[in-house]
Amino acid sequence: YFKANPNAAYVAMGVMDSDAYDESPDTLETIKKYQEKYPDIKLARAYAYSHQYWAFINQLAAWMKTSEPGKLLMGLSYSEVRMLPEMKLEPNVMAITVWGIAELEADGRLKPGKDGVSELDAWLKVANHFGNHDWLQGLGYFIPRTYTHYYSTYLKALKKAGVQDSFQHIEAYPNWGMDGPKYYIISRLMWDPGQDVDAMWKQYSDDMFGPASVPMQEYFATLEKLWVQLDNVEGPERKLFRW
């Protein structure tokens, strides 16, 4: 891959959307071992497959350190391999989580657990390079699906943890009339988490809507609060397919 793409900084070995995973005798035996600790078969499968996946990623990364020095190997914490690695990842591994930042509070990604360590901090302990993939789609909804203040909180937490560079990716199918502002603001926050979110909303509304700036700021602010409330307070329920 790197011979064909010498300028590429990394190669990705992430899983795709699928429910099909290996069921060889060795893998079933691994799942059985994890079931002793996690009676829920779904949870046991997730831990077993995650263990196998990250062990593979680590082995490949160790080989890459000499064969492809300076290049990164991306591993994706997703679906059945979403669990935190049980080992310290090689320094050339870039771990990518798949966190819905819209549910930042409900999922408690930044809150310390019983051990005093948040999920974010736990990932930063095992991975030298970290990033996240967020499903930021807006197409198909009747109100703006926006949560810019949560993005500010999340990115500031990364910066506070000492992360100098991270890979932030959003999957977006925009309804531009409602989604233009959030993509503008979130992309600017990715470059500089310290920017004032409300000031950017004002700037965007002033530039885009002119004399209608004030009511448009109120429109977007009110519906962002509603979206966050529905996703994180009332339930919480995931509204991805319900609007």
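Coordinate-derived values only; no laboratory data. A quick note: this is a predicted structure, and the numbers were derived from the prediction, not measured. Reconstructed Cβ throughout: ideal geometry from the backbone, glycine too, with neighbour counts over all protein chains shown.
The table for this structure:
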quantity	calculated
Helix axis angle, 41-67 relative to the chain longest principal axis, alpha carbon, degrees	80 degrees
Among Met16, Met94, Met216: highest mean-square fluctuation, GNM of the chain, C-alpha pairs under 10 Å	Met16
Using alpha-carbon coordinates, inclination of helix 148-160 to the longest axis of the chain, degrees	50 degrees
Rounded to the nearest 20 debye, dipole of the chain from Cβ charges on Lys, Arg, Asp, Glu	420 debye
Across Lys125/Lys182; Lys159/Lys182; Lys65/Lys182; Lys33/Lys65, pairs whose alpha-carbon gap is larger than 28 Å	Lys125/Lys182; Lys65/Lys182; Lys33/Lys65
The chain - percent relative contact order, Cα under 8 Å, separation 6 or more	15 percent
Most fluctuating residue given options Pro193, Pro91, Pro69, as computed from a GNM of the chain linking Cα atoms under 10 Å	Pro69
Rounded FRET efficiency, nearest 0.05, which uses the C-beta distance separating Lys160 from Trp63 and R0 of 30 Å	0.30
Residue-count net charge about Leu104 - beta-carbon cut-off 12 Å; Lys, Arg +1, Asp, Glu -1	-3
Zone residues, region 208-231, relative to Lys202, backbone N less than 17 Å from point 7 Å out along Cα-to-Cβ	208-222
The chain: angle of helix 176-191 to the longest principal axis, Cα-based, in degrees nearest 10	60 degrees
Ordering of 145-158, 197-210, 126-139 by packing [mean C-beta count within 10 Å, highest first]	145-158, 126-139, 197-210
Radius ratio Rg over Rh of region 128-179, counting only Cα atoms, Kirkwood formula for Rh	1.06
Within-14-Å neighbourhood charge of Asp115 [Cβ basis; K, R +1; D, E -1]	+1
Estimated Rh, region 112-243: Kirkwood, alpha-carbon pairs, angstrom	16.1 Å
Binned Cα-Cα distance frequencies in the chain - 10 Å width, integer %	7, 26, 32, 23, 10, 2, 0
Highest-MSF residue in the chain out of Glu23, Glu224, Glu105 [GNM, Cα springs under 10 Å]	Glu23
